[in-house]
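Asker: To start, I am sharing the structure in question, which I have written as structure tokens.
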Amino acid sequence: ALDLVLARPDLVDRLVLVGAGIDGWDHDATLRETWAEEEAAFERGDLDEVAWMNVRTWLDGPGRDENSVPTALRRRVYEMQRAALDLENPAATGGWLTPSRRERLGEVAAPTLVLVGALDQRDFRRIARFLAAEIPGAAFEELPGVAHLPPLERPEAFARTVLGFLEGGA
């Protein structure tokens, strides 16, 4: 989304960033270790474990255990991630539209809402605050009780927040 608004601002009249990452971020050691374990499982071909690692990292988040998140939701996110892994295409090509989003945040002209779950990974909460501070006039919203997937965990609150912003209320 950031890439598009910078490459083609004429196509974006409002921007909503949810649990967004940013290039050049120095992620904490715990998250880097988790990603290394995930990569090792992927290289072993254990896609089921990769999908469960994603559930633990992004849905459970750093502060909850699996019993704190409804079993049906954990299963749904696992199935979504497992299907995505099956569809992964290593031969796909592409890339970014802009060389760096981080260096150009001050150029974002579209009204922007930066949204993050209060239980998301610490780095992603920090990134959200950074984005809100660097994008001119950006609004910041932290949704309580959710980690990295607010639209799945609290769809009504997420929709209310985003729609309020899109309608000009935020």
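The values are calculated or read from the model by the stated rules, or taken from the named source; none is laboratory data. Because the structure is a prediction, the values reported are computed rather than measured. Heads up: the accessible areas ignore ligands, DNA and RNA and are worked out on the full protein's heavy atoms, side chains in. Shrake-Rupley method; radii C 1.70, N 1.55, O 1.52, S 1.80 Å.
Asker: Tell me the carbon and sulfur percent of the accessible area for the stretch 27-170, rounded to whole percent, probe radius 1.4 Å.
Answerer: Details: 4150 of 8160 Å².
That share works out to 51 percent.
Asker: Any chance you could run the full-extension gain for LEU97 through ARG76? It's 0.36 nm times the residue separation minus the Cα-Cα distance, nm to one decimal. It would help to have the intermediate numbers written out before the result.
Answerer: Numbers: separation 21, 0.36 × 21 = 7.56 nm, distance 3.20 nm.
Using 0.36 nm per residue and subtracting the Cα-Cα distance, I get 4.4 nm.
Asker: Using a Debye calculation, one point per C-alpha and no hydration shell, please list log10 I(q)/I(0) for the stretch 112-170 at q = 0.21, 0.23, 0.28 Å⁻¹ in order.
Answerer: Log10 of I(q)/I(0), two decimals: -0.78, -0.91, -1.16.
Asker: Additional query: Mean residue ellipticity at 222 nm from the helices of the chain, using -39,500 (n - 2.57) per DSSP H segment of n ≥ 4 over the full residue count, to the nearest 500 deg cm²/dmol?
Answerer: Working: 7 runs with 76 residues, N = 170.
The per-residue figure over the chain is -13500 deg cm²/dmol.
Asker: To continue, here is another question. So which residue, out of VAL77, VAL12, VAL116, gets the largest mean-square fluctuation from a GNM of the chain using Cα contacts under 10 Å as springs?
Answerer: For the chain, modelled as a Gaussian network with Cα springs under 10 Å, the answer is VAL12.
Asker: Rounded to the nearest whole Å², what accessible area per residue is found for the stretch 77-156 with the 1.4 Å probe?
Answerer: That works out to 54 Å² per residue.
Asker: Can I ask one more? Rounded to whole Å, give me the distance from the Cα center of the stretch 59-130 to that of the stretch 141-169.
Answerer: Answer, in whole Å: 14.
Asker: Please report Rg over Rh for the chain, where both radii come from the alpha carbon positions and Rh follows the Kirkwood definition. Walk me through the numbers on the way to the answer.
Answerer: On the way: Rg = 16.8 Å, Rh = 17.3 Å.
Looking at the chain, the ratio lands at 0.97.
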